[in-house]
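Report on the following structure.
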Amino acid sequence: MRLTLVATFALAISSQAHASIEQQLANCASHTDKLDRLMCFDALAASVNTAVPTQLPAAVSTTSTEATAVATTAVAANTPTTVAPAVASVASTQAASTAEQEFGLKKKKEEVKVDRLYLEIEKIKKDPYGSLIITFTNGQTWKQTETVRYKVKVGQTVYIEKGALSSFILGSDERNSTTRVKRVN
C-alpha cells in the first residue's frame, strides 16, 4: 500500500514539475484521500523556497506563521504586490495571537468570597418526603436534599457553606454533623 502511494506520489510530483503554484495547489486540493492530499501539500511546501526575502520588514518575519506564509506565497508567485497586505495584517495577527493565548482561561473576577453564611432559623416545615424546608430571618428558603435526619430548632443559628460540585451544606458550630441543602427562593 505504501509503496504504491510513494510511487503515485513520485509520479505526481514529476508530472507537476512544470506546473504553476496555483495549478499545483488545485491539484493537491482535488485529492480525496487525506494522506495523499497531505503528502501533496507537504511536497509542494518543500519545493517552494521558504526563505523570507530581506526586503520585508523585521516585524513581518517575526510575527506569526500566517503572515510568513502569505509573504512566502507572494514571493513564490512572483507577485510583490501581495506583500503589503501581509505587513498590514501584522497588527491584526498580534491581536489574534493574544486572544488565542487567553482562550479557555478563566477570567478571575475580584469578588468578595463568602466562605460561610450564618443565618437564624425563622420557620421549619417538612415536605411529604420528610425533607426539611427551612426559612431564615433574611427571607431565604432552603430545602434539605438528603434523606438523613437532621434536627434544628426555630431561633437556632446555623451556617450554610459551599460544598463540592456546586452543592451547599447546612451545619451548626455546636455539632459536627451537616446536611446538604439547596435554595428554593
The residue that is surrounded by the most Cβ atoms within 10 Å (Cβ to Cβ), considering only those in region 132-155 that are of a type outside the set (Val, Ile, Thr) and in contact with a Ser or Thr (Cβ under 7 Å, 6 or more places away or on another chain), is GLN144
Taking region 173-185 and the residues there that are among the polar types (S, T, N, Q) and not in a strand (DSSP E or B), the one that is least open to solvent (accessible area, probe 1.4 Å) would be SER177
Looking across region 73-112 at residues that are in a loop (DSSP other than H, G, I, E, B) and either more than 30 Å from ILE169 (Cβ to Cβ) or open to solvent by less than 100 Å² (accessible area, probe 1.4 Å) (or both), the single one that is modelled with the highest pLDDT is GLY104
For PHE41, the lone unmet condition from (1) open to solvent by 50 Å² or more (accessible area, probe 1.4 Å); (2) at pLDDT below 90; (3) more than 30 Å from THR98 (Cβ to Cβ); (4) in a helix (DSSP H, G or I) is (3)
Counting only residues in region 115-130 that are more than 40 Å from the chain's Cα centre (by Cα) and surrounded by 15 or more Cβ atoms within 10 Å (Cβ to Cβ), the one nearest to LYS151 (Cα to Cα) is identified as ILE121
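The values are calculated or read from the model by the stated rules, or taken from the named source; none is laboratory data. Bear in mind the structure is a predicted one, so any value in this text is a computation, not a measurement. As a convention, Cβ positions derive from the backbone with ideal geometry for all residues, glycine included, and neighbour counts pool all protein chains shown. Each accessible area value is taken on the protein alone, full model and side chains, heavy atoms only, with ligands, DNA and RNA left out. Shrake-Rupley method; radii C 1.70, N 1.55, O 1.52, S 1.80 Å.
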